[in-house]
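The values are calculated or read from the model by the stated rules, or taken from the named source; none is laboratory data. Everything numeric in this text was worked out from a predicted model, so none of it was measured. Ideal geometry is used to build each Cβ from the backbone, glycine not excepted, and the neighbour counts take in all protein chains shown. Each accessible area value is taken on the protein alone, full model and side chains, heavy atoms only, with ligands, DNA and RNA left out. Shrake-Rupley method; radii C 1.70, N 1.55, O 1.52, S 1.80 Å.
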Amino acid sequence: MPLPTDPLHPARPAIVIDKVELSLGRGASRVHILKSLSLSVAAGQSVGLVGPSGSGKSTLLMVMAGLERPDSGKVTVAGTDITGLDEDALARFRGRHAGIVFQSFHLIPTMTALENVAVPLELAGARDAFDRAADELDAVGLGARLNHYPTQMSGGEQQRTALARALSVRPDILFADEPTGNLDETTGRTIIDLMFAKQAERGATLVLVTHDRALAERCDRVVRLRSGVIVEDSRAPETVA
């Protein structure tokens, strides 16, 4: 049976997860994280992944982004089956198609904001990496902070830099894993507003992991996980039992 797509977003799927299984750990400590999970996300759609801690939502995002390899099943992203790619090919694929924003920013402390944003562009072979990085930082309101190091910036500025880095390669898909987790409420709201604005402006697909149901409901679609399975999909014809 074909995987369901959202009737409100009939475009080609940006992501197709087909019967993915994933366990982590070894022996008695091995934990079954994702259980025959299937999901299709349309291009340009925003999807909020919610669920309690340990439900598998962050692991699912990592599988979609090619940062975790499933034990079985198929993961197709931007038309490419990434389950068969080796690590080098995965890195190249992410560099062309995916931008990732993490809760902990993951900026390189010895590099300025400009250098941090330029890194993926340089890896992609862009000759104008620093000009494009400067434009991206300006677009997120950090045009005056190009030469500041992470320790010289607030948490909100660091996350803006991380967002600019994620967007710098003009990705098809933007992944965000608890992007406001280390920010106060006001700063977090500003980051989220900016992220949704940039996603809409560029027509990218957005996959957002959050504990905040109200934040998730700003997305086109909310998918709730529990114990490694989908128990609710707000755009599916019916709730999964």
**Asked** Around LEU61, with a cut-off of 11 angstrom between Cβ atoms, what is the net charge of the other residues, counting Lys and Arg +1 and Asp and Glu -1?
**Response** -2
**Item:** Among THR80, PHE130, ALA204 - extreme Cα towards positive end, dipole of the chain, charges at beta-carbon
**Value:** THR80
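Given a Förster distance of 35 angstrom, what is the FRET efficiency for ARG218 paired with SER38, based on the Cβ-Cβ distance and rounded to 0.05? Intermediate results must be reported in sequence, preceding the final value.
Details: r = 25 Å, r/R0 = 0.70.
Given R0 = 35 Å and the Cβ-Cβ separation, E is 0.90.
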**Fill in**
Under the Karplus relation with 6.51, -1.76 and 1.60 and θ = phi - 60°, whole-Hz ³J(HN,Hα) for the stretch 132-143, x at Gly and Pro, equal 5, 4, 4, 5, 5, 5, 5, 5, 9, x, 10, x
**Fill in**
Percent relative contact order for the stretch 158-241, counting Cα pairs under 8 Å at least six residues apart, stands at 22
**Request:** Can you work out the accessible area per residue across the chain, with the rest of the protein chains kept in place, probe 1.4 Å, in square angstrom?
**Result:** 47
**Prompt:** What number in nm² do you get for the stretch 20-96 if you take the convex hull of its Cα atoms and divide its surface by four?
**Reply:** 5.9
**Message:** At 0.36 nm per residue, and after removing the present C-alpha to C-alpha distance, how many nm does the segment from VAL229 to SER53 gain when stretched out fully?
**Reply:** 62.0 nm
**Request:** Could you tell me what percent of the accessible area of the chain is made up of carbon and sulfur, with a 1.4 Å probe and every protein chain present?
**Result:** 50
**Asked** Taking the Cα centre of each part, how many Å lie between the stretch 185-237 and the stretch 110-157?
**Response** 25
**Asked** When only Cα pairs under 8 Å and 6 or more residues apart are kept, what is the percent relative contact order across the stretch 123-188?
**Response** 31
**Item:** Residues in the stretch 78-98 reached by a label modelled at MET111 [backbone nitrogen below 14 Å; 7 Å Cα→Cβ]
**Value:** 95
**Request:** Answer with one residue from PRO179, ALA162, ALA98: the one whose Cα lies farthest towards the positive end of the charge dipole of the stretch 93-241, charges on Cβ with Lys, Arg +1 and Asp, Glu -1.
**Result:** ALA98
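Order these peptides, 127-136, 142-151, 23-32, by their mean beta-carbon neighbour count within 10 angstrom, highest first.
127-136, 142-151, 23-32
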**Message:** How high is the relative contact order of the chain? Use alpha-carbon pairs under 8 Å, at least six apart in sequence, and give a whole percent.
**Reply:** 27
**Fill in**
Quick calc, ASP184 & ARG12: beta-carbon distance into FRET formula, R0 51 Å, rounding 0.05, result 0.85
